[in-house]
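Encoded as structure tokens, the structure appears first; notes follow it.
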Amino acid sequence: MELKNLRQLANNMRRYIRIYKAIIKINIALILTYRANFLNHIFSTFVWGVFNFIWITLLTSKAKYVFGWRGDELVVITLGYIIITGVYYSLFAHNFEDFSRIIDRGEFDTVLLKPIDPQFQISMLRISYASFIRTILGTGVLIWWISSHHYAIGFFQVVSFIILIGVGVIMMYAVWFIFITTLIWYPNLSNMVDLLYTINGFARYPVEMLKSTGTTPLLLFIPLSLIVATPVKVLLQKNAWGDIFLLFFIGAILFTFSRVFWKFALKSYTSAS
Amino acid sequence: MKWLRMLGLYFERVFEYRLRSFIWLLLPLTNNMTLILFWNGAGMNTSAVSSYYILMTIGGLLTTSHVEFEVSEIDIKQGQLVNYLTKPISYYWVNFFSEIPYRVLQAVYASILIGALLIFFPNALKLSLNPLHIPLVIFIFVLGYLLSFTFKLSLAYLSFWFKDIHGLMELVTIIIIIFSGGVMPLPWYPKILQTISNFLPFAYSGYYAITALQGIVPLFGLFSIVLIQCVWLGVLLFINKILWKNGIKEFTAVGQ
């Protein structure tokens with residue numbers, strides 16, 4: 001019986017991988033069809049990446065030491081943020097932008113009728129290749145920054161940084177998905193995604209910033225600030241064991257909760273546009 | 001009378017989506033709150049810093065226009081502009097009045113939030129405004145809004161010539177944030193950026209309005225802010241008129 005279940009799971013996985021390969025190809029075809037739009041997106045993504053760098057450079061020109069982080073280390077957090085948001089915005093964020101329209105116009109019915117998991121469809125159909133430019137930009141500047149500041153970084157730190165960034169992307173996905181799910185009850189809130197882009201900004205700062213407030217509503221955003229600060233702490237060889245544990249633990253809880261919450265919310269969907 | 005009726009209709013529309021409007025308020029509030037926390041961690045004078053960012057939130061809500069998306073995407077690209085061209089009303093003023101209810105509702109939300117904040121943190125906001133200067137400060141806010149509105153509307157008119165100005169809009173947003181003191185107070189910027197900022201209109205929209213509200217600008221300084229705002233407004237209105245006059249020739253609408 002268990003072997004049968006495992007085989008079914010493996011078949012399911014293979015099926016979704018096949019579907020995702022098709023999605024990748026379709027999105028490449030879209031780039032070739034709307035080339036000007038693609039270039040426009042590359043431009044805007046690039047300028048926002050540069051803006052984040054200018055932002056922290058301006059702040060650290062006045063603040064040399066913030067919550068135990070030196071100015072140059074805060075720049076590393078921002079570069080980590082640019083890298084992680086590049087990956088996240090490429091794979092997921094633009095899908096969520098469409099969701100409020102899908103719900104509001106009653107198009108969600110067609111999503112539910114397809115023999116593919118609705119969460120998969122809502123989260124993965126669009127890939128914004130243009131947003132990867134942010135990751136490339138962030139990685140390039142990070143390498144330059146690390147070499148110009150002579151940080152002692154080994155192979156272990158780099159691998160851990162990459163793994164933790166992957167965990168961070170999953171956590172960011174879970175946080176966004178929980179918020180997005182509420183659109184099933186409040187379809188008019190089409191600016192929810194704009195709010196999510198803004199609260200994502202918490203990830204640009206050290207986690208100690210939110211911890212220091214001790215205010216419950218702000219402490220709720222700690223998961224977001226763990227997403228970037230933890231990999232950067234590992235990269236810079238700061239003591240991060242507590243944060244690594246929190247990142248994995250909260251990440252797992254949020255990811256599971258997002259799935260349960262989604263299933264629960266689907267029961268409230270009335271199919272009316 | 002017709003403008004009053006239109007204003008009433010726009011108010012109805014905005015109040016129908018109150019929660020949506022509340023979320024728009026949360027965006028600058030969240031951004032500025034993180035900056036207050038940041039400077040707190042840097043050991044800066046908390047009261048002065050929080051005053052600045054709280055007022056920047058209010059200033060931004062009151063003086064920053066967001067007319068560009070609707071004009072560019074809906075009216076020009078999707079052709080809804082044709083509805084206005086056939087009516088005996090000015091397109092500039094239609095957009096102007098359609099924005100007013102948003103500003104009013106957001107100002108109400110902001111007042112409630114800041115009022116609540118001041119109950120818990122009475123030292124978070126410091127104002128030393130001379131009551132006699134109040135009419136002039138209100139005038140500076142009105143001019144600041146007009147500056148932002150005219151600039152954004154002119155930017156949106158570029159859609160008459162370009163298929164997609166999304167990238168340009170993003171770039172302009174970033175330039176506005178930097179040169180209007182969105183990151184930190186302008187005197188904290190490097191000299192070169194301060195100089196550039198003085199030659200651009202963006203700081204005269206929200207930044208100088210809130211410095212006037214703080215009461216740190218003497219009477220003469222208030223008059224010079226008004227003068228520079230008027231000069232910029234004149235320039236932008238001229239550009240706006242030219243863009244509209246030429247842009248409308250590029251516009252075509254097809255239907256059966």
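Per-structure values
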read-out	value
Kyte-Doolittle at least 1.6, axis length at least 30 Å by Cα - qualifying DSSP helices, chain B	B:134-157
Region B:84-209: Lys pairs at Cα distance under 30 angstrom, eight or more positions apart or on different chains	5
Qualifying chymotrypsin sites (Phe, Trp or Tyr not before Pro) in region A:175-268, DSSP loop, other Cβ atoms within 10 Å at most 13	A:TRP185
Cα gyration tensor shape for region B:133-191, rounded if a/c is under 1.5, else prolate or oblate	oblate
Computed [θ] at 222 nm, helices only, for the protein assembly as shown once each DSSP H run of length n ≥ 4 contributes -39500 (n - 2.57)	-24000 deg cm²/dmol
If the convex hull is drawn through the Cα atoms of region B:82-205, its volume per residue in Å³	172 Å³
Stretchable slack from B:TRP3 to B:LYS163, in nm (0.36 nm times residue separation minus alpha-carbon distance)	54.4 nm
Angle in degrees between helix A:71-88 and the longest Cα principal axis of chain A, rounded to the nearest 10	10 degrees
5 Å binning of all Cα-Cα separations within chain A, expressed as whole percents from 0 upward	1, 5, 11, 15, 17, 16, 14, 10, 6, 3, 1, 0, 0
Relative pair counts by distance (%), Cα atoms of region A:45-178, 10 Å bins	11, 33, 30, 16, 8, 2
Dipole axis of the protein assembly as shown (+1 Lys, Arg; -1 Asp, Glu on Cβ), positive-most option in B:VAL82, A:MET13, B:SER72	A:MET13
Relative compactness, region B:13-138, computed as alpha-carbon Rg over 2.2 N^0.38 Å	1.33
Sequence-distant aspartates and glutamates (8 or more away, or on other chains) whose Cα lies within less than 20 Å of A:LYS267	A:ASP104, A:GLU107, A:ASP109, A:ASP117
Which of A:LEU91, A:TRP144, A:MET171, positive extreme of dipole for region A:88-231 (C-beta unit charges)	A:TRP144
Helix A:2-33 vs. chain A, principal-axis angle (Cα, 0 to 90°, nearest 10)	80 degrees
Approximate shape of the protein assembly as shown as ellipsoid semi-axes (Cα gyration tensor, √5λ), whole Å, largest first	39, 32, 22
Distance (nanometres) between label positions extended 7 Å along Cα→Cβ at A:TYR269 and B:THR252	4.1 nm
Angle between chain A longest axis and helix A:132-148 axis [Cα atoms, degrees, rounded to 10]	20 degrees
Anchor B:LYS77: aspartates and glutamates whose Cα lies under 14 Å away (excluding residues fewer than 8 positions away in-chain)	B:GLU68, B:ASP164, B:GLU250
Reciprocal mean inverse distance between Cα atoms of region A:129-273 - Kirkwood radius, Å	17.0 Å
Semi-axis lengths, Å, chain B, gyration tensor of Cα atoms, sqrt of 5 times eigenvalues	33, 21, 18
Qualifying lysines (Cα of each under 23 Å from Cα of A:LYS211; at least 8 residues distant if same chain)	A:LYS62, A:LYS64, A:LYS233, A:LYS238
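Each reported figure results from applying straightforward, stated rules to the coordinates on display, with no laboratory input. Bear in mind the structure is a predicted one, so any value in this text is a computation, not a measurement. Every residue, glycine among them, receives a Cβ derived from its backbone with ideal geometry; neighbour counts consider all protein chains shown.
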